[in-house]
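Worksheet for the structure shown next.
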Amino acid sequence: MRKIIMAAIVLFGLNSIEAQVKYGLKGGLNIANLNIDEAGFPKTSAITSFHLGGFAEIMLNKKVAFQPELIYSAQGAKFDFLFDDGSGNLYDTENTFKLSYVNIPLMIKYYPQSKFFLEAGPQVGFLTSAKLKVEVVGFGSDTQGANQLFKEIDFGFNLGAGYNISKNAMVNVRYNLGLSNIAETESGDTTTINNRVFSLSVGYIF
């Protein structure tokens, strides 16, 4: 009898733990920019892109959850630059950094009520691709690899909020503040570059 009771307790506990873990997919819009601090570098502006990935929501109690995620995120920025070829000819250029990351956010979520949540947590990102698209106005465009300009790993911090529309659907807004300098610099170069990303997501919970 004792063994049967213990087995029932273990099975009940495992079922309870499993019931508190939810899995889902999410994706949506990025509004991304780069904060570039370098003397003489033109001001950047935001680009629109996307993100897509999955998550697991682990309820720690009725109000608090831990949510690790694995997200593919397209980021970057654009800037205009007037290029002098050294012969007195000036060319108006429109330039776009296109960065691709695999990000791992580790979010703590707080539910002040059953459907609405606030969230915060760190993030590590792994650069998978970096490109620079240069368009010379009136002449055409070209895209070149730019991995040598950026570090492979980025660290940041996320703040956000969301709402569970139903048992299987949710919406989420989030801001990622890049904390590490992602510029690949040589000795004496003080250039700093930080990611800035605002994202709007929709998600499906299984």
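The values are calculated or read from the model by the stated rules, or taken from the named source; none is laboratory data. Values in this document were obtained by computation on a predicted structure and should not be read as measured data. Positions of Cβ are backbone-derived with ideal geometry, glycine not excepted, and every protein chain shown enters the neighbour counts. Ligands, DNA and RNA are stripped out before the accessible areas are found, and what is left, the full protein with its side chains, is counted by its heavy atoms. Shrake-Rupley method; radii C 1.70, N 1.55, O 1.52, S 1.80 Å.
Determine whether region 181-199 contains at least one residue that is of a type in the set (A, V, I, L, M), touching a residue at least 12 places away in the same chain (Cβ under 8 Å) and surrounded by fewer than 18 Cβ atoms within 10 Å (Cβ to Cβ). I'd like the intermediate steps shown before the answer.
The initial filter retains those residues of region 181-199 that are of a type in the set (A, V, I, L, M), namely 182-183, 193, 197.
Still in the running and touching a residue at least 12 places away in the same chain (Cβ under 8 Å): 182-183, 193, 197.
Applying the additional criterion that residues be surrounded by fewer than 18 Cβ atoms within 10 Å (Cβ to Cβ) yields none.
No, there is no match, as no residue in region 181-199 is of a type in the set (A, V, I, L, M), touching a residue at least 12 places away in the same chain (Cβ under 8 Å) and surrounded by fewer than 18 Cβ atoms within 10 Å (Cβ to Cβ).
When the residues of region 62-74 are filtered to those that are open to solvent by less than 80 Å² (accessible area, probe 1.4 Å) and not hydrophobic (A, V, I, L, M, F, W, C), which remaining residue is farthest from residue 107 (Cα to Cα)? So that I can check it myself, show each step before the final result.
Going through region 62-74, the residues open to solvent by less than 80 Å² (accessible area, probe 1.4 Å) turn out to be 64-69, 71, 73-74.
Next, only the ones that are not hydrophobic (A, V, I, L, M, F, W, C) stay: 67-69, 73.
Working: 67: 5, 68: 6, 69: 8, 73: 16 Å.
The selected residue is 73.
Go through 168, 147 for me and flag whichever is open to solvent by less than 60 Å² (accessible area, probe 1.4 Å) and either farther than 14 Å from residue 99 by Cβ or of a type in the set (S, T, N, Q) (or both). Steps first, answer last, please.
Numbers: 147 fails: open to solvent by less than 60 Å² (accessible area, probe 1.4 Å).
Sole residue among the options that is open to solvent by less than 60 Å² (accessible area, probe 1.4 Å) and either farther than 14 Å from residue 99 by Cβ or of a type in the set (S, T, N, Q) (or both): 168.
Return the residues of region 21-50 that are in contact (Cβ under 8 Å) with a residue 60 or more places away in the chain, open to solvent by 20 Å² or more (accessible area, probe 1.4 Å) and assigned to a strand (DSSP E or B); say none if nothing qualifies.
Across region 21-50, the qualifying residues are 22, 23, 25, 28, 29, 31, 33, 35, 36, 37.
Looking only at residues in region 120-133 that are open to solvent by less than 10 Å² (accessible area, probe 1.4 Å) and without any contact (Cβ under 8 Å) to a residue 60 or more places away in the chain, which one is farthest from the chain's Cα centre (by Cα)?
Looking at the filtered set, the residue picked out is 130.
I'm trying to understand the selection: among the residues of region 63-104, which are under 30 Å from residue 121 (Cα atoms) and β-branched (Val, Ile, Thr)?
64, 71, 96, 102, 104
From the set of residues in region 97-118 that are more than 23 Å from residue 53 (Cβ to Cβ) and touching a strand residue (DSSP E or B) at 6+ places or on another chain (Cβ under 9 Å), which is least open to solvent (accessible area, probe 1.4 Å)? Please lay out each step first, then the result.
Kept after step one, since they are more than 23 Å from residue 53 (Cβ to Cβ), are these residues of region 97-118: 112-114.
Now drop any that are not touching a strand residue (DSSP E or B) at 6+ places or on another chain (Cβ under 9 Å), which leaves 112, 114.
Working: 112: 56, 114: 94 Å².
Step by step, filter region 97-118, then rank; the result is 112.
Condition first: more than 18 Å from residue 26 (Cβ to Cβ) and β-branched (Val, Ile, Thr). Can you find one or more residues in region 82-94 that meet it? Don't jump to the end; show me each part of the working.
Within region 82-94, the first condition is being more than 18 Å from residue 26 (Cβ to Cβ), and the residues that meet it are 82-94.
Checking which are β-branched (Val, Ile, Thr) leaves us with 93.
Yes, region 82-94 contains a residue that is more than 18 Å from residue 26 (Cβ to Cβ) and β-branched (Val, Ile, Thr).
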